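Asks: Here's a structure for you.
The values are calculated or read from the model by the stated rules, or taken from the named source; none is laboratory data. It should be emphasised that the depicted structure is a prediction, and the values quoted were computed from it without experimental measurement. Heads up, the Cβs are rebuilt from the backbone with ideal geometry, glycines too, and the neighbour counts pull from every protein chain shown.
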Amino acid sequence: MKQTAFTTFHEELGAKMVPFAGYTMPVQYEGINVEHETVRNGVGVFDVSHMGEFWVKGPKALDFVQWVTSNDASKLVDGKVQYSCFPNDQGGIVDDLLVYRIDGETFLLVVNAANIDKDWAWCNQQNKMGANLYNASDEIAQLAVQGPKALEAMQQLTDTPITDMEYYTFKKLTFAGVKDIILSTTGYTGSGGCEIYMANEDGPKIWHAVMEAGANYGIKPIGLAARDTLRLEMGFCLYGNDINDTTSPIEAGLGWITKFTDGKNFIHKDALLKQKKEGVSRKLIGFEMIDKGIPRHDYEILDAFGKTIGVVTSGTMGPAVKKAIGMGYVPVAYAHEGDELFIKIRDKALKAKVVKFPFYKS
């Protein structure tokens, strides 16, 4: 198992460590509910160094990004970030990712930890235009400082203004005395905050500075388990659960990152455009339980007659919404807000209803 620049700190703090995407990662410290509430109301810090980072450079950089991703990267300006996905050639999704535009010939792609090798092979296979690709995943450490007080706390560590940064933007700055840090505002928790990208060797210094700067704001380290409940309350997809190689971005409600603009050509565009025009047979929905029970990944979704119509892709008891919630694919006939469904939990059909995302409204 690989270690991140912060592994020893997690162990010293008594985190429960688990293998995840080839790394030893903290799954929780005090407990999911406490950590979840810390991020919703204050400030928490996640080690997300296991994420992958690919540099795309040169005169063909934009051409490559346009071809390999579903969103329209030509709309990006320096300092902007875009949520996107790598469509595969079968109508599914290789991965979802973030696209950072550093300048017109330099982009940073941030991909999911479990998919680094798969994504890297896919990008190289699709690089017919000859962009310069570099996999920096093993060299970069990353902290996600999340919560409504996160930017205010982190402002103490840089002279560059960050408290007024818009969602999905980034700045290159000096942070905790370290030059050329990338600080972005693309968090996956729905509670605001930032991500800090640094070289591995600068990790320990920045960890200590972040914890010190956040001390008066009640900062706490947060594990992967709370990261999952936070993103689920927002209705954000998790790769491997809610989206994968067989789910289309249109089915997954990601039509907003699948752009069919003039001059934008991308992998499997025609088939996805057909889906958008003609509609899909199933949709990813959010639901909340009416009967008492907690839905879990792979539980069956039933209709009123007990017929299986889908499976739960993600499910939990939402610590902030105080409700059992979940996501799953069902035929479009069952995908309208308010529609009644049943979730099979311990051989019982328990009532649920379709609701709009997000589950959590700040």
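Asks: Is it true that G253 is surrounded by 18 or more Cβ atoms within 10 Å (Cβ to Cβ), part of a loop (DSSP other than H, G, I, E, B) and of a type in the set (G, A, S)?
Replies: Against the criterion (surrounded by 18 or more Cβ atoms within 10 Å (Cβ to Cβ), part of a loop (DSSP other than H, G, I, E, B) and of a type in the set (G, A, S)), G253 qualifies.
Yes/no matrix, rows are residues, columns are (1) touching a residue at least 40 places away in the same chain (Cβ under 8 Å); (2) farther than 20 Å from M25 by Cβ; (3) surrounded by fewer than 16 Cβ atoms within 10 Å (Cβ to Cβ); (4) among the hydroxyl-bearing types (S, T, Y):
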site: G192; (1), (2), (3), (4): yes, yes, no, no
site: A209; (1), (2), (3), (4): yes, yes, no, no
site: E212; (1), (2), (3), (4): no, yes, yes, no
site: E233; (1), (2), (3), (4): yes, yes, no, no
site: F236; (1), (2), (3), (4): yes, no, no, no
site: G263; (1), (2), (3), (4): yes, yes, yes, no
site: D270; (1), (2), (3), (4): no, yes, yes, no
site: Q275; (1), (2), (3), (4): yes, yes, no, no
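Asks: Could you check T174 against (1) assigned to a loop (DSSP other than H, G, I, E, B); (2) of a type in the set (S, T, Y); (3) without any contact (Cβ under 8 Å) to a residue 60 or more places away in the chain and say which number it fails?
Replies: All conditions are met except number (1).
Quick grid of which residues meet (1) in a loop (DSSP other than H, G, I, E, B); (2) in contact with a helix residue (DSSP H, G or I) (Cβ under 6 Å, 6 or more places away or on another chain); (3) over 23 Å from T247 (Cα atoms):
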{"residue": "F287", "(1), (2), (3)": "no, no, no"}
{"residue": "D291", "(1), (2), (3)": "yes, no, yes"}
{"residue": "A304", "(1), (2), (3)": "yes, no, yes"}
{"residue": "T313", "(1), (2), (3)": "no, no, no"}
{"residue": "A320", "(1), (2), (3)": "yes, yes, yes"}
{"residue": "G328", "(1), (2), (3)": "no, no, no"}
{"residue": "H336", "(1), (2), (3)": "yes, no, no"}
{"residue": "A349", "(1), (2), (3)": "no, no, yes"}
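Asks: Please go through region 303-362 and give me each residue that is polar (S, T, N, Q) and in contact (Cβ under 8 Å) with a residue 60 or more places away in the chain, ordered by number.
Replies: T313, S314, T316, S362
Asks: Looking at D95, D47, which one is touching a Ser or Thr at 6+ places or on another chain (Cβ under 8 Å), of a type in the set (D, E, K, R) and either closer than 16 Å to Y188 by Cα or assigned by TED's automatic domain parsing to the domain that holds M211 (or both)?
Replies: D47
Asks: Of the numbered conditions (1) surrounded by fewer than 24 Cβ atoms within 10 Å (Cβ to Cβ); (2) in contact with a Leu (Cβ under 8 Å, 6 or more places away or on another chain), E30 fails exactly one; give the number of that condition.
Replies: All conditions are met except number (2).
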